[in-house]
Amino acid sequence: KMIYLKDYQVPDYLIDETHLTFELFEDHTLVHAQLVMRRNPDAGAGLPALVLDGQQLELLELKLDDRVLGAADYQLTDSHLTLQPTQEQFVIDSSVRIHPESNTALEGLYKSSGMFCTQCEAEGFRKITYYLDRPDVMSTFTTTLSAEQHRYPVLLSNGNPIASGSEEGGRHWATWEDPFKKPAYLFALVAGDLWCVEDRFTTMSAREVTLRIYVEPENIDKVQHAMDSLKKSMKWDEEVYGREYDLDIFMIVAVNDFNMGAMENKGLNIFNSSCVLAKAETATDAAHQRVEAVVAHEYFHNWSGNRVTCRDWFQLSLKEGFTVFRDAEFSADMNSRTVKRIEDVAYLRTHQFAEDAGPMAHPVRPDSFMEISNFYTLTVYEKGSEVLRMIHTLLGPQLFRKGSDLYFARHDGQAVTCDDFIKAMEDASGVDLTQFKRWYSQAGTPRLEVSESYDAAANTYRLQLRQSCPATPGQAEKLPFVIPLELALLDAQGRELPLQLVGEDKPVGTSRVLQVTQAEQAFTFVNIAEQPLPSLLRGFSAPVKLSFPYSRDQLMFLMQHDSDGFNRWEAGQQLAVQVLQELIGQHQRGELLVLDPRLVAALRSVLENDSLDQAMVAEMLSLPGEGYLTEISDVADVDAIHAAREFARAQLAEALFEPLWARYQANREVSRNTPYVAESAHFARRSLQNIALSYLMLTGKPQVLAAALEQYEACDNMTERLTALAVLVNSPFEAEKAEALKAFAEHFKDNALVMDQWFSVQAACTLPGGLARVQALMQHPAFTMKNPNKVRALIGAFAGQNLVNFHAADGSGYRFLADQVISLNATNPQIASRQLGPLTRWRKYDASRQALMRAELERILASGELSSDVFEVVSKSLA
Ligand code: ARG
Ligand code: ZN
């Protein structure tokens, strides 16, 4: 069943107070709910029927104002409980029985590694009790939990603890009170045998806040990095957004079985353990940075999401796009800003652009859905963040801050829309964002074609721009977007020229933001004494596909001279794309592959430049991934892409052996003598060291193998160890590979998160026989389909990263993935649906692969009772 934004109606009834009591047992849980309700004054006259949401609940008792209702007094279906109020104000009491102990979907109340926990966003609360489970119904909550004392010594819920005690029979209880009104999706409870690390934070108005991170006892040594990240986040949000924390206590709980990364429940964030636990020996640099980013993201939701929430789920990007933008800026301030931008853009262009071009394409604010869980997407999150970044660029930091202050002040305690957010930005800044709002309603990635003409006689330089946006499902025609185009013009020495447009009386800086608002538009610069080279879309100032007819020599010039670090990297990527596309063509025509020596020269000068940030060197050495090369192809030739890219890597490794080896040895030497530090200079050193090692290994030289083995055995951290393992796994050194894999698994067999890495490295190995390796690994004792991290580590990594093996011409990869989706559909629909992604991209491939992929989608469709999650994605993909 499709739900439409245009059908939104305010709720008929409101819930002012929610009082919950949970009696947790091993074979069932009892939930008693008291809802203090009233007619919504904004909803018109009369007393319509009250329709409460509820799924998989066994109703034991129902009362209306203390009167026990009989079966004749209400109607019950598998999704709703309907009854007739007789007064404007009333109290509903219900008791239900639920079964968290057998909840494999990990939505609502469930058990993970022996502890009780919850995940209610988006519509999980209706699996806990009968309720108005929609974000515009906001209530205060009081929650009492009771459980067996020795199994569940820790009992947590939202807000502040107000009472606790013991009962007979070895049970105890605790009551929590959350004074802030919130929608049910922010409810949480936890009961388990947990330890915590405690710290404190003094807010800007000198309030003391207790901070606690709860984990299973064996993980107590892996919490400090998350705690440090939390304190940094709290400080940053005060400084950059003026946002202060509002309860006396802030808690994070790590759970092993979690569908997503983490959840911002009020005062009680629940995290996938992969986004909390980090220490040198067991987590990579990337994992440390992810922990820092996710801790910040969930903390920032306390304002952008909780204090001001969404009116309905179509507005999801109101909180998610904004909060991703906030966490990205936080990470940029804590680490290298340019490197963070490069990583985010590479990810967006590979994955979100593919989503925007596929059958599930939808606007940042979707206008319909069948299953909201399917819309926690790269478009809502990452493109949504790009939309916020563009507003920030158009308004500038001061007016943007004025706008966010106004938004929080105006809407504190409310459930609002993306339009309300934009209105606050407009009112605070005086900028009209009417046309800009098309970014919220039009799906698809805009193209921006730029051409130039220089008039030497008139000293003018003209840029002609054409924007367009391809059709997406349900949207044939698109209107022009507002595209902030940041640019500079470089002279022959690489200096930025003063930028003066026709009609301006003087130049306005040397790097500036032009607003492209028309389908076709031109900008003419005056007083340009020589033919310049444009540096366009600096910092990736808009999420568009830019094209400009750069020659390879011009790209090499930009790589060396552009003062915008992001665009220096981007020039290198464009050069590599041109070179790789040439190799792909040669491969397809059966010609001998010949690498353009200019790519070698360009990367040599990057490697030999000691003044460049090492992380930038590492980024510039990274060739565009196979996923990105697929995305930019009309018809992706998987084998040619793989062959071309591997050929280029091998050639670069041979040609640049000396400087790579020098860089590797110098950095490994420092790593060997420096204890692990999770800071950006150290991330930078290790990233260059590790990419150098992965190139060097392609030469097969004995000294490189020795170096990889030395790094594997002697390092003190997971970043170096996992890279060493990965290069061995992808190498032809079978004995060393087997030995390292065995030693690793023996050493880390009890650490599930480390074993995830071990699975992933093998799942992503592109050597022939990938599917057989993955199938064998599914039998490994550390693997289980019940744990989402394991599914992602093995099946997700295979289908998403190991493109040559997944797209094997016989369709075996597709058949395998469909089998896994069919099995997951019955146990965990959200995870099943997410694993489908690679099959939905069938239009990108040749006719024979298309047919094989479609056949698997058809087979899933015919496989029996499908969840709404899987049904929506499969049916839209086949439409
Ligand atoms: N709000 C969470 C976050 O982004 C994600 C919750 C996702 N839940 C879901 N059912 N898809 O921080
Ligand atoms: Zn979020």
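Rule-based calculations on the coordinates, nothing more; no lab input. The shown structure was predicted, so the numbers you read here are calculated from the model rather than taken from an experiment. Every residue, glycine among them, receives a Cβ derived from its backbone with ideal geometry; neighbour counts consider all protein chains shown.
For Thr517 and Val431 in the same chain, what is the full-extension length gain: residue separation times 0.36 nm, less their Cα-Cα distance, in nm? Could you put the intermediate results ahead of the total?
Values: separation 86, 0.36 × 86 = 30.96 nm, distance 1.43 nm.
Taking Thr517 through Val431 to full extension adds about 29.5 nm, to one decimal.
What are the ³J(HN,Hα) couplings of segment 129-138, residue after residue, when phi is run through the Karplus curve with 6.51, -1.76, 1.60 and θ = phi - 60°? Round to Hz, x for glycine and proline.
After applying 6.51 cos²θ - 1.76 cosθ + 1.60, I find 7, 6, 6, 8, 8, 8, x, 8, 9, 10 Hz.
What whole number of Å gives the distance from the Cα centroid of segment 85-146 to the Cα centroid of segment 424-487?
The two parts, judged by their Cα centres, are 45 Å apart.
Can you pull the Kirkwood radius for segment 565-618, inverse mean 1/r over Cα pairs, to one decimal in Å? Don't skip to the end; give the middle numbers.
Numbers: mean 1/r = 0.0810 Å⁻¹.
In segment 565-618 this quantity evaluates to 12.3 Å.
Let me have the relative contact order for the chain, percent, based on Cα pairs under 8 Å that are six or more residues apart. It would help to have the intermediate numbers written out before the result.
Values: 1671 pairs, mean separation 71.2, N = 879.
Computed over the chain, the figure is 8 percent.
Quick one: which residues, 5 or more positions from Leu189 or on another chain, have an amide H under 5 Å from its amide H? H modelled 1.01 Å from N in the peptide plane, none for Pro or chain starts.
For Leu189, the qualifying residues are Thr118.
Going by a ≥ b ≥ c, the root eigenvalues of the Cα gyration tensor, does segment 189-240 fall in the rounded group (a/c under 1.5), the prolate group (a/b larger than b/c) or the oblate group? Mind dumping the intermediate values first?
Values: a/c = 2.84, a/b = 1.97, b/c = 1.44.
Judged from the Cα gyration tensor, segment 189-240 comes out prolate (a/c at least 1.5, a/b above b/c).
Quick one: which of 32-45, 749-762, 542-555 comes out on top by average Cβ neighbours within 10 Å, and what's the full order, highest first?
Working: 32-45: 15.5, 749-762: 20.2, 542-555: 17.2.
Highest mean packing first, the order is 749-762, 542-555, 32-45.
Under a crude label model (7 Å from the Cα following the beta-carbon direction), how far is Lys6 from Thr77 in nanometres?
Each label point is offset 7 Å from its Cα along the Cβ direction, giving 2.3 nm.
Please give me the summed charge of the neighbours of Gln464: other residues whose Cβ is under 9 Å from its Cβ, Lys and Arg +1, Asp and Glu -1.
On the way: positive: Arg462, Arg466; negative: Glu449, Glu452, Glu520.
Residues close to Gln464 contribute a combined charge of -1.
Compute the Cα gyration tensor for segment 330-456, then decide on rounded, prolate or oblate, letting a ≥ b ≥ c be the square roots of its eigenvalues: rounded whenever a/c is under 1.5, prolate when a/b is larger than b/c in the other cases, and oblate in all that remain.
Judged from the Cα gyration tensor, segment 330-456 comes out rounded (a/c under 1.5).
Through the Karplus equation 6.51 cos²θ - 1.76 cosθ + 1.60, θ set to phi - 60°, convert the phi angles of segment 565-573 into ³J(HN,Hα) values in whole Hz; use x for Gly and Pro.
x, 4, 6, 5, 4, 4, 4, x, 5
Provide Rg over Rh for the chain; use the alpha carbon set for both Rg and the Kirkwood Rh (inverse mean inverse pair distance). Walk me through the intermediate numbers first.
Working: Rg = 28.1 Å, Rh = 29.1 Å.
Looking at the chain, the ratio lands at 0.97.
Less than 29 Å apart at the alpha-carbon level, and either on another chain or at least 8 residues along: which lysines does that give for Lys1?
By straight Cα distance, Lys1 reaches Lys127, Lys182, Lys319, Lys383, Lys437, Lys478, Lys786, Lys844, Lys876.
Which net charge results when you count Lys and Arg as +1 and Asp and Glu as -1 among the other residues whose beta-carbon is under 15 Å from that of Ala615? It would help to have the intermediate numbers written out before the result.
Values: positive: Arg337, Lys340, Arg341, Arg568, Arg663, Arg685, Arg686; negative: Asp285, Glu343, Asp344, Asp610, Asp613, Glu619, Glu679.
Local charge sum for Ala615: 0.
For a test of the definition: using alpha carbon positions, the gyration tensor, and the 1.5 limit on a/c, classify segment 518-624 as rounded, prolate or oblate. Walk me through the numbers on the way to the answer.
Working: a/c = 1.88, a/b = 1.29, b/c = 1.46.
It is oblate, given that a/c is not under 1.5 and a/b is not larger than b/c.
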